[in-house]
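Take a look at the structure set out below.
The values are calculated or read from the model by the stated rules, or taken from the named source; none is laboratory data. What you see is a predicted model, and the numbers here were worked out from it, not measured in a lab. The accessibility values were calculated without ligands, DNA or RNA, using every heavy atom of the protein model including side chains. Shrake-Rupley method; radii C 1.70, N 1.55, O 1.52, S 1.80 Å.
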Amino acid sequence: MAVISPVATRQAEPSRKRRRGGHRLVPIAGIVVLVIVAQILTTAFSIPVYIFPAPSDVVGAMISNYPLVLTHMWPTIFEAVMGFLLGNSVAILLAVTFMYWRSAERMVMPMAIIAHTIPVVAIAPVLVIMMGSGFTSKIAVAALVCFFPTLVNMVKGLRSADRQSIELMQVLSASKTETLTNIRAYACLPFLFSALKIAAGSAFIGAIIAEWIGSQQGLGYLIIQTTYSYDTPLLYVVMLAASVLSISLFSVVATAERLIVRWKPAEDS
C-alpha cells in the first residue's frame with residue numbers, strides 16, 4: 001500500500017488553492033471581456049441607447065438611479081423570500097405525507113402536475129384577482145413557482161434511502177418517525193438542496209412576474225415603467241439587480257448545503 005507523506009500533502013494544498021482561485025477568475029475574466037466588447041461595438045456602430053445601451057450608459061444609470069432601484073428592491077426581496085419559504089415548506093410537508101400515505105399522493109400529485117403545466121404568466125393574473133394586488137398574491141405566485149421542483153425532488157430523495165438501512169431500522173423496531181429522521185432525511189438532503197437552488201432563482205422570477213400584473217412597487221413594476229418610457233439603461237440596471245438578488249439567494253442555499261451536507265452522495269457503480 002502506498003504511503004502518502006504529510007509533507008507532500010501540505011505541498012499539494014497550495015497548488016489546489018491556486019487552481020481553485022484560477023477557476024474563479026475565469027468567469028470574471030469572461031464578464032470583463034464581454035463588457036469591453038459591448039462597449040466597443042456600441043461606440044463603433046453608434047447603436048442608439050434605447051436599443052442597446054453601452055455598459056458606460058448602464059453604469060451611469062445605476063449611479064443616478066441607485067436610490068430608486070434600492071427602494072423597489074425591498075418589496076421584491078420580501079415577496080420572493082417569503083414565497084421561497086412558503087412554497088418549499090409546503091412541498092416538504094407534502095412529500096413526507098406522500099411517503100406514508102400513498103392515497104394522498106395519488107390524489108394530490110396529479111393536481112400539482114396540472115398546476116405546474118400552467119404558465120406562471122397565465123396563473124398570476126388569476127391569483128392577483130383572487131388575493132388582490134398586495135403582497136399576498138405576489139408571495140403566492142413565488143411560492144407556486146418554487147413548490148413543484150421541491151416536491152418532486154423531496155419525494156425522490158425520501159424514497160432513495162438505502163433499503164438495507166431501512167430493513168435494519170425495522171429489525172430494531174424503530175418507529176416511522178425514527179426511520180424518517182435517522183435514515184430518510186439524510187438520504188433526501190442532496191435532492192432537497194438541488195431543488196432549493198433551482199427555487200432560489202425561480203422565487204424572484206415569480207415575484208417579478210406577479211408585479212407585472214398589478215403593483216405599484218417592486219422590480220417588476222419598475223421593469224414595466226422603464227419599458228414603456230424606453231429608458232433602456234435603467235431597464236438593464238433593474239435586470240442586473242434582479243440577477244444579483246437571485247444569485248445571492250442561490251449562494252445562501254449553496255453555503256447551507258456545504259455546511260449541512262458534509263458527505264458525498266453514493267454514486268452508481
Surface/4 of the Cα convex hull for the range 214-261, nm²: 4.1 nm²
Stretchable slack from residue 111 to residue 256, in nm (0.36 nm times residue separation minus alpha-carbon distance): 49.1 nm
CD proxy at 222 nm, helix term only [per DSSP H run n ≥ 4: -39500 (n - 2.57); per residue of the chain; nearest 500]: -28000 deg cm²/dmol
Computed Rg/Rh of the range 20-140, alpha carbon atoms with Kirkwood Rh: 1.16
One can check that the equivalent ellipsoid of the range 153-269, built from the alpha-carbon gyration tensor with semi-axes equal to the square roots of five times its eigenvalues, has lengths in Å, largest first, of 44, 14, 10
In square angstrom, what is the accessible area per residue of the chain with a 1.4 angstrom probe? 61 Å²
Calculate one ³J(HN,Hα) per residue across the range 139-149 by plugging θ = phi - 60° into the Karplus curve 6.51 cos²θ - 1.76 cosθ + 1.60, and present them in order as whole Hz with x for glycine and proline. 5, 5, 5, 4, 5, 5, 5, 7, 5, 5, x
Expressed as a percent, the accessible surface of the chain that is carbon or sulfur, using a 1.4 Å probe and the full set of protein chains, is 69 percent
Using alpha carbon centers only, the range 196-255 is separated from the range 132-180 by a whole-angstrom value of 28 Å
What angle do you read, to the nearest 10 degrees and between 0 and 90, between the alpha-carbon axis of helix 55-64 and the longest principal axis of the chain? 90 degrees
Length gain on complete extension for the stretch residue 129 to residue 44, per 0.36 nm per residue less the alpha carbon to alpha carbon distance? 25.8 nm
Cα-based helix-to-principal-axis angle, 66-100 vs the chain, degrees rounded to 10: 20 degrees
Spatial extent of the range 74-132: Rg and Dmax, with the Cα atoms as the point set, Å: 14.0, 41
For the chain, what is the number of Lys pairs with C-alpha distance below 26 angstrom, counting only pairs 8 or more positions apart or on separate chains? 8
Using alpha carbons only: equivalent-ellipsoid semi-axes of the range 61-260, gyration tensor based, whole Å: 38, 19, 11
